[in-house]
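Q: Got a structure for you, written out below as structure tokens; questions coming shortly.
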Amino acid sequence: DLAPGELGRSLEHLLGYYYIQEIASMLPVLVLEPKPNQIVLDLCASPGSKTTQIASKMRNTGTIIANEINLKRIIILASNMERCGVANSIITKKEGTAICSRLKKEELEFDKILVDAPCSGEGTLRSSPKTSIIWNINTVRQMSKIQKNLLSSAIEVLKKDGEIIYSTCTHAPEENEEVIDFILKKFDNMKIESINLPVKCRPGIIKWGNKDYSEDVEKSCRIYPQDNNTEGFFIAKLRRVK
């Protein structure tokens, strides 16, 4: 018999019948709404929880390019995809902006893109207390630059009327609203859309410190641990309009 919290050791889990995932972590794919036979890019894919969720939504049809830069994390990604029977995916190992540049040269465009970006992880504090020990503002600022580059690159390979979901597991506005504000000001062909989710969402922040963000950034979604008994998350939905 399995003790509480040991679902990951069950035969059904090992056979890929289900994937254990935190509720907040499942939400970006619910917003992405991938459909069968679409072409989807998961730019920062490992460990594969969202990739397998996307494949399930697509009923294992179409194509997913699951990209990851770290070889050790690719091994985990490949293992989870194999365990869950994902058959419509290609794993690539490349830095996010570089893979987008290469895909653009090949004139490959995507219906849907998920940028579940690397971040400072403030939203994971309750499950990973060590985050508070290693946290520092310089990491936040560094991550913000990386995130802006990743999202800018992804937009270059998005089809007209295609959608990008940008998500992080942090609360830092520098890594969330500031990134979306940057994109809206840089790309006149991108619009932010409202999000409807089965959990309590708070609107995006439009002022932080001495910075004012576009009012449209309010359409993004902040998920706080105290609201839903989940980890903290940020989600924004962007559409290419021309």
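Q: Answer yes or no as to whether Thr92 is surrounded by fewer than 21 Cβ atoms within 10 Å (Cβ to Cβ), polar (S, T, N, Q) and under 17 Å from the mean Cα position of the chain (by Cα).
A: Considered against the rule, which asks whether it is surrounded by fewer than 21 Cβ atoms within 10 Å (Cβ to Cβ), polar (S, T, N, Q) and under 17 Å from the mean Cα position of the chain (by Cα), Thr92 comes out as yes.
Q: Within the bounds of region 121-137, is there any residue that is open to solvent by less than 30 Å² (accessible area, probe 1.4 Å), under 17 Å from Cys44 (Cα atoms) and in contact with a strand residue (DSSP E or B) (Cβ under 9 Å, 6 or more places away or on another chain)?
A: yes
Q: So for region 111-128 (the condition being on the phi < 0 side of the Ramachandran plot, of a type in the set (Val, Ile, Thr), touching a residue at least 60 places away in the same chain (Cβ under 8 Å) and not in a helix (DSSP H, G or I)), does at least one residue qualify?
A: So in region 111-128, the residues on the phi < 0 side of the Ramachandran plot come out as 111-120, 122-128.
Cutting the leftovers down to of a type in the set (Val, Ile, Thr) gives us 113, 115, 124.
Now drop any that are not touching a residue at least 60 places away in the same chain (Cβ under 8 Å), which leaves 113, 115, 124.
Those still in the list that are not in a helix (DSSP H, G or I) too: 113, 115.
Yes: one or more hits.
Q: Could you please let me know if Cys44 is within 28 Å of Ser220 (Cβ to Cβ), part of a loop (DSSP other than H, G, I, E, B) and not hydroxyl-bearing (Ser, Thr, Tyr)?
A: Yes.
Q: Continuing with this model, one more query. Do any residues in region 79-92 that are touching a residue at least 12 places away in the same chain (Cβ under 8 Å) have Cβ atoms under 8 Å from those of residues that are polar (S, T, N, Q) and in a loop (DSSP other than H, G, I, E, B), where the two are at least six apart or on different chains, and which pairs are they?
A: Correct list of pairs: Gly85/Asn60; Val86/Asn60; Ala87/Asn60; Asn88/Asn60; Asn88/Thr61.
Q: Can Ile69 be described as open to solvent by 10 Å² or more (accessible area, probe 1.4 Å), modelled with pLDDT of 95 or more and outside any helix (DSSP H, G or I)? Steps first, please.
A: Details: open to solvent by 10 Å² or more (accessible area, probe 1.4 Å): yes; modelled with pLDDT of 95 or more: yes; outside any helix (DSSP H, G or I): yes.
Taking the combined requirement at face value, the residue satisfies it.
Q: Run down Gly48, Gly16 and say which single residue is on the phi > 0 side of the Ramachandran plot, without any contact (Cβ under 8 Å) to a residue 60 or more places away in the chain and open to solvent by less than 20 Å² (accessible area, probe 1.4 Å).
A: Being on the phi > 0 side of the Ramachandran plot, without any contact (Cβ under 8 Å) to a residue 60 or more places away in the chain and open to solvent by less than 20 Å² (accessible area, probe 1.4 Å) holds for just one of Gly48, Gly16, which is Gly48.
The values are calculated or read from the model by the stated rules, or taken from the named source; none is laboratory data. Not measured: the values here are computed from a predicted model. Counting neighbours? That spans all protein chains shown, and the Cβs are built from the backbone with ideal geometry, glycine included. Accessible surface areas use protein heavy atoms only, side chains included; no ligands, DNA or RNA. Shrake-Rupley method; radii C 1.70, N 1.55, O 1.52, S 1.80 Å.
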